[in-house]
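The values are calculated or read from the model by the stated rules, or taken from the named source; none is laboratory data. Computed from a prediction, not measured in an experiment: that's the story for all the values here. All Cβ positions, even for glycine, are placed from backbone atoms using ideal geometry, and neighbour counts span all protein chains on display.
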Amino acid sequence: MSKKSRTKPIMLKGSDVANMVDAVFIGAQDDPGWVEMYADAKGRECVNALFPKAHIAWADDCGEMLPREWRAFTINLPDVVAAGTVSTTGAADDKPDPATASQAAQKQ
């Protein structure tokens with residue numbers, strides 16, 4: 001016997017989100033595969049650990065919705081996975097591979 005799960009929508013301001021999480025990921029609805037990432041320092045550490053062989057050039061400007069210390073990056077996940085730049089272990093000792101670092105697929 002399974003219980004029916006319920007969802008309840010909530011409304012949050014950007015400042016509320018920044019106090020609750022270290023990273024936010026938004027899939028681009030009009031451009032499949034592209035994901036916008038927003039993260040504070042702790043969130044960037046976690047994201048960088050997922051992509052140890054890629055260089056993520058975090059942008060300084062997240063707009064007015066998030067605090068100034070948050071950074072942004074847009075990435076094409078299928079391209080990064082295909083290039084083999086994703087860590088499945090999260091091992092911090094993985095060294096960046098210059099041959100694949102440029103394939104981190106930052107959206108122009």
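Report, by residue number, each residue of the stretch 9-53 that is at pLDDT 85 or above and among the charged types (D, E, K, R). Correct list: ASP22, ASP30, ASP31, GLU36, ASP40, LYS42, ARG44, GLU45.
Contact map, the stretch 57-76: residues that are assigned to a loop (DSSP other than H, G, I, E, B) and loosely packed, with under 15 Cβ neighbours inside 10 Å paired with residues that are aliphatic (A, V, I, L, M) and at pLDDT 90 or above, Cβ distance under 9 Å, separation 6+ or inter-chain. Pairs shown: ASP60/ALA72; ASP61/ALA72; GLY63/ALA72; GLU69/ALA41.
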